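Worksheet: the structure to be examined is printed underneath.
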Amino acid sequence: MAERDIREEIFKKAEASTVKAVLSCCSAGVLAGMDEFCRKAEEIGLKITFALKDGSEVRNGETIATLEGKPMEIALAEDTLVGLVAKPSGVATAASRAVKLARGRVEVVCGAWKKIPPQVKGLLRKAVLIGGAGVRVSSRPFIYLDKNYVRMFGGVKEALDAVSGIKDRIKVVQVRGDSEDLAGEARDAVEGKAGMIFVDTGRIEDVRVVSGAVRKLNARSRVKIAFGGNVKISDIPRLIKEDLDIVEIGREIIDAPLLDLKFDVLNVR
């Protein structure tokens, strides 16, 4: 048998009242999760009298939403609705900051949403997109040959040979200098018709080695270069000066702190 919610007893004598409450922001940021907020509010039985949209840029003190309902519904709202906005908005805010710092010079992507529990994976993936960052290294269909694929096949050349018959997808190959010849891995990637080389070492000097090898083969116009490996948002201003197309930032976006929100009762009638 389900446990009784003690709030039903607490609010028994006030069940005829109508309460107006407001959700507001205690810091600046970018909103995400508002669609889920509104949907859940309606499920609880609340009337939404005002709500900002996903992607809205908010200031400290700004009202995000106003709600009306019975005391029990308002109590449920404070428990269940704030979290639908706070964490996704933190992620969207971090993604937006990264994109703004990139100034269109490189594309910012965040693939770390794949590593989080399935219960919140979709919510945070959407938050990354709302913040303006990508969630995949390519918008076109692609085959991603990560380090383990490369190791299982015995090298970059062999991994690309294995997928050479697949013509309708871009080949993205991850290089980590396993062979201790990063330039050689880059040459193998170009000769194996890779459309993107992902330098996942966290060392910018490795990007320069890969870029030099690709340019030596006059292939830079057809081979994109991506960079990742514990990259921080604060690294972006120096990275946009490098020969890069894509920067992958994982934990600093997905692990961004909650956007600070507060939920207050305004009046009761």
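Taken together, the values in this text are just the output of simple stated rules run on the coordinates, not laboratory data. Only a predicted model underlies this, so the values are computations on that prediction, with no experimental measurement involved. Here Cβ is always computed from backbone atoms with ideal geometry, including for glycine, and neighbour counts include all displayed protein chains.
Between the amide H of residue 198 and those of 173, 174, 175, 226, distances stay under 5 Å, these residues lying 5 or more places away or on another chain, with hydrogens modeled in the peptide plane.
When you restrict to C-alpha pairs under 8 Å that are six or more residues apart and normalise by the size of the chain, the relative contact order lands at 24 percent.
For segment 136-146, backbone phi angles converted through the Karplus equation (6.51, -1.76, 1.60; θ = phi - 60°) give residue-by-residue couplings of 9, 6, 8, 7, 8, x, 8, 10, 9, 9, 7 Hz, Gly and Pro being listed as x. Listed values for segment 164-173 are Karplus-derived 3J(HN,Hα) couplings in whole Hz (6.51 cos²θ - 1.76 cosθ + 1.60, θ = phi - 60°), namely 5, x, 8, 9, 9, 9, 5, 9, 10, 10, and x replaces Gly and Pro.
The slack between residue 234 and residue 267, meaning 0.36 nm per residue of separation minus the straight C-alpha distance, is 7.5 nm.
In angstrom, the C-alpha Rg and Dmax of segment 194-269 are 19.7, 75. Every helix of 4 or more DSSP H residues in the chain counts as -39500 (n - 2.57), and over all residues that averages to -11000 deg cm²/dmol at 222 nm.
Overall form of the chain: prolate. Here a/c, set by the Cα gyration tensor axes a ≥ b ≥ c, is 1.5 or more, and a/b is the larger of a/b and b/c. Take every DSSP beta bridge whose two residues both sit in the chain; close to 50 percent of them are antiparallel. Taking Lys and Arg as +1 and Asp and Glu as -1, the other residues whose beta-carbon sits under 13 Å from that of residue 256 total +1.
Calculation over all alpha carbon pairs of segment 116-269 in 10 angstrom steps from 0 returns a P(r) of 10, 35, 30, 15, 4, 3, 2, 0 percent. Say the cut-off is 28 Å between C-alpha atoms; which of 171/232; 100/157; 100/167 go over it? Those over the limit are 100/157; 100/167. The GNM of the chain, with springs linking C-alpha atoms under 10 angstrom apart, assigns the highest mean-square fluctuation among 125, 105, 140 to 140.
In the elastic network of the chain, a GNM with C-alpha springs shorter than 10 Å, the most mobile of 126, 115, 167 is 167. Label zone of residue 115 (point 7 Å out along Cα→Cβ, amide N under 19 Å): in segment 200-234 this covers 200-204, 226-234. The residues packed around residue 208, meaning those with a beta-carbon under 9 Å from its beta-carbon, carry a net charge of -4 if Lys and Arg are +1 and Asp and Glu are -1. A simple count of charges around residue 24, restricted to other residues whose Cβ falls under 14 Å of its Cβ and scoring Lys, Arg +1 and Asp, Glu -1, yields -1. Its residue count N fixes a reference of 2.2 N^0.38 Å for segment 66-134, and the Cα radius of gyration divided by that reference is 1.40.
With viscosity set to 1.002 mPa s and temperature to 20 °C, compute the Stokes-Einstein D of segment 1-156, Rh being the Kirkwood radius across alpha carbon pairs; µm²/s, no decimals.
118 µm²/s
The C-alpha atoms of segment 137-193 occupy a region whose extents along the principal axes are 31, 21, 19 Å, arranged from largest to smallest. Averaging Cα coordinates gives a centre for segment 112-130 and one for segment 212-256; these two points are 22 Å apart.
Pairs from the table (47/262; 40/114; 40/121; 70/114; 40/87) lying more than 27 angstrom apart at Cα are 70/114. Of 204, 246, 254, the residue with the greatest mean-square motion in the GNM of the chain, using alpha carbon springs below 10 Å, is 204.
Placing unit charges on the Cβ atoms of the charged side chains and taking the dipole of the chain about its Cα centre, the candidate lying farthest along the positive direction among 229, 25, 69 is 229.
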